[in-house]
1. Kindly indicate which of 112, 69 is at negative phi, in a loop (DSSP other than H, G, I, E, B) and surrounded by 20 or more Cβ atoms within 10 Å (Cβ to Cβ).
2. Checking the condition more than 30 Å from residue 348 (Cα to Cα) and at pLDDT below 95, which residue from 173, 190, 250, 215 passes?
3. So which residues in the stretch 178-200 are part of a loop (DSSP other than H, G, I, E, B) and within 23 Å of the chain's Cα centre (by Cα), if there are any at all?
4. Of all helices (runs of 4 or more DSSP H) completely enclosed by the stretch 242-357, which ones contain at least 2 residues that are within 24 Å of the chain's Cα centre (by Cα)?
5. All but one of (1) surrounded by fewer than 18 Cβ atoms within 10 Å (Cβ to Cβ); (2) in contact with a helix residue (DSSP H, G or I) (Cβ under 9 Å, 6 or more places away or on another chain); (3) not assigned by TED's automatic domain parsing to the domain that holds residue 176 hold for residue 368; state the number of the condition that does not hold.
6. Here is a list of conditions, (1) more than 26 Å from residue 370 (Cβ to Cβ); (2) more than 23 Å from the chain's Cα centre (by Cα), and residue 116 meets all of them except one; can you say which number that is?
7. For the stretch 375-417, what are the residues that are within 16 Å of residue 15 (Cβ to Cβ) and over 23 Å from the mean Cα position of the chain (by Cα)?
8. Residue 208 passes all but one of (1) modelled with pLDDT of 95 or more; (2) within 24 Å of residue 177 (Cβ to Cβ); which number fails?
């Protein structure tokens, strides 16, 4: 099998990044890679999805990595994992897992899961601002993505299930497997968890995740965790400020102390990103002259600048998010030239934020508990498969209302350009179709 065939298998089976934005995995596979990084870091607090996957399915992850290495002609791979978690799993730094595949441990700091920071920490290779990891011969896949690739190659199995953590301020945390498209309310009901009044639910971690409505939202391919937390903690309060409030704070109370810049993980790598200057800029000036804020495209949205660094309660990250919208509209981003050089700050290691301190700042330390793994996949009577679970063109439905589908059957073709198809995660009858979603109800529901 060639690399081109592997790309076809990845696309055909709907494999996308299992965390983050959901970039179609076949789009990353290209010639010139010398290292595959399997990202099992989980730098966000309260999340144990990849940890559990490594614990329960390490052999499959390694087999998936070997397949990617073989067909992509990649000589080496590392399983990147936090040192303390590696220890609990009986893994050691440098340990060989298979020919060409070894363990690489990293310190327990945030946001080590960010692939730019991860690549530098594990390899010493610095990805120039705006460049892709392949520019330094690296491809990064999440551990679950590699696991899904193994299933696609071995069993021709598309992505129809999701591993995720159910945690937060609940008596017991869980790691479960669920059908893609399962209603979040049904997931919570299955593990006897409710969202009380004055609580919210994060889809993802409390730092970079988004607040979702458990009554109407569903599990998608990028869902890594469902975390139930009080709405009074800093992690929630900071996210619930309006755009206007953030911009007003930025314009009125910033003292230009530069602490946000001094703690910025990307700035510490030598990137020309200075959050304090982003705060000083005005929205009107950015709209009139987008080139002024080009460097905003380098932000990884970790929010250290706001939740940890700022003494005035400003979130430079939220300001930068507005600037990113302007840049996207104007198709502008910062891309370093071939002759530009960048040098990480010599104090980087001393300024890295420990995960323990980050949990305290977010107000979630007391909710961190080791989860119970439920090996049986949860049953769904109804699923809603969304057409935009990935970066790129939406999938295009190829079934109609009234059709009977089987589990694993293709129900939407890949769109034009960068895209992947979608599959039925349960067998049943199609009860709703539009360009954005397909609803399937089990026949025996």
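The values are calculated or read from the model by the stated rules, or taken from the named source; none is laboratory data. What you are looking at is a predicted structure, and each value in this text was computed from that prediction instead of being measured. When we count neighbours, we look across all protein chains shown, and the Cβ atoms used for this are built from the backbone with ideal geometry, even at glycine.
1. That would be 112, the only listed residue that is at negative phi, in a loop (DSSP other than H, G, I, E, B) and surrounded by 20 or more Cβ atoms within 10 Å (Cβ to Cβ).
2. After applying the criteria, what remains is 215.
3. Of everything in the stretch 178-200, those that are part of a loop (DSSP other than H, G, I, E, B) and within 23 Å of the chain's Cα centre (by Cα) turn out to be 180, 181.
4. Of the helices (runs of 4 or more DSSP H) lying wholly inside the stretch 242-357, those with at least 2 residues that are within 24 Å of the chain's Cα centre (by Cα) span 259-263, 265-268, 316-329, 348-351.
5. The single condition residue 368 does not satisfy is (3).
6. Against the list (1) more than 26 Å from residue 370 (Cβ to Cβ); (2) more than 23 Å from the chain's Cα centre (by Cα), residue 116 comes up short only on (2).
7. Scanning the stretch 375-417 gives 408, 410, 412, 413.
8. (1)
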